[in-house]
Amino acid sequence: QVQLVESGGGLVQPGGSLRLSCSASRSIFSIGAMGWYRQAPGKERELVATITSGDNTNYADSVKGRFTISRDNAKNTVYLQMNSLKPEDTAVYYCHTLAKRSFSGAWYDYWGQGTQVTVSS
């Protein structure tokens, strides 16, 4: 029943912007840290940005100053605002979260289905 649903990917020109969204299903009781990862063809999946439940953020050096991660706990949603996009940002982007399914339950990690971001002129 636990699901992370992503949206917002697409084709954009270099220098353009996109905003990715990832919403957790209502079956999730509590959400901890959330993050975005990306994987380009033939490359390993890499961390893009993370945000804790206390809104502490961390970014990969390659996206600092261009990307902003945020969360809306009331909507169980994490966002990734991507500005000044570069061709090297092209990848499938995956959201991730640590979550509990009940008050006394254990923490598990969950992944979104991935959304394609293509930066090309």
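Spin-label model, A40/S25: points 7 Å from Cα along the beta carbon direction are separated by 3.4 nm.
The slack in the chain from R66 to W111, taken as 0.36 nm per residue of separation less the alpha-carbon distance, amounts to 13.8 nm. Subtracting the Cα-Cα distance of K75 and S102 from their residue separation scaled by 0.36 nm leaves 8.0 nm.
The aspartates and glutamates within cross-link reach of K64, meaning a Cα-to-Cα straight distance under 17 Å and a gap of 8 or more places when in the same chain, are E46, D55, E88, D89. What is the percent carbon and sulfur in the accessible area of the chain, measuring with a 1.4 Å probe over the protein chains and ignoring ligands? Carbon with sulfur: 46 percent of the solvent-accessible area.
Can you bin segment 29-71 into rounded, prolate or oblate? Criterion: square roots of the alpha carbon gyration tensor eigenvalues sorted a ≥ b ≥ c, rounded for a/c under 1.5, prolate for a/b above b/c, oblate for the rest.
Because a/c hits 1.5 or more and a/b fails to exceed b/c, segment 29-71 counts as oblate.
Between A33 and S53, L98, the built amide H atoms are under 5 Å apart, and every one of these is 5 or more places off in sequence or on another chain.
If only the Cβ of Lys and Arg carry +1 and only the Cβ of Asp and Glu carry -1, the dipole of the chain around its Cα centre is close to 220 debye.
Cα centroid distance between segment 92-114 and segment 10-74, in Å? If we compute the Cα centre of each part, the gap is 13 Å. Just tell me which lysines come within less than 17 Å, Cα to Cα, of K100; anything on the same chain fewer than 8 places away is out. Of all the lysines, those that pass the test against K100 - Cα under 17 Å, at least 8 places apart if same chain - are K75.
The values are calculated or read from the model by the stated rules, or taken from the named source; none is laboratory data. Predicted model, so just to flag it, every value in this text is computed and none were measured. Cβ coordinates were reconstructed from backbone atoms using ideal geometry, including for glycine residues, and neighbour counts include every protein chain displayed. All accessible areas refer to the heavy atoms of the entire protein, side chains included, with ligands and DNA or RNA removed. Shrake-Rupley method; radii C 1.70, N 1.55, O 1.52, S 1.80 Å.
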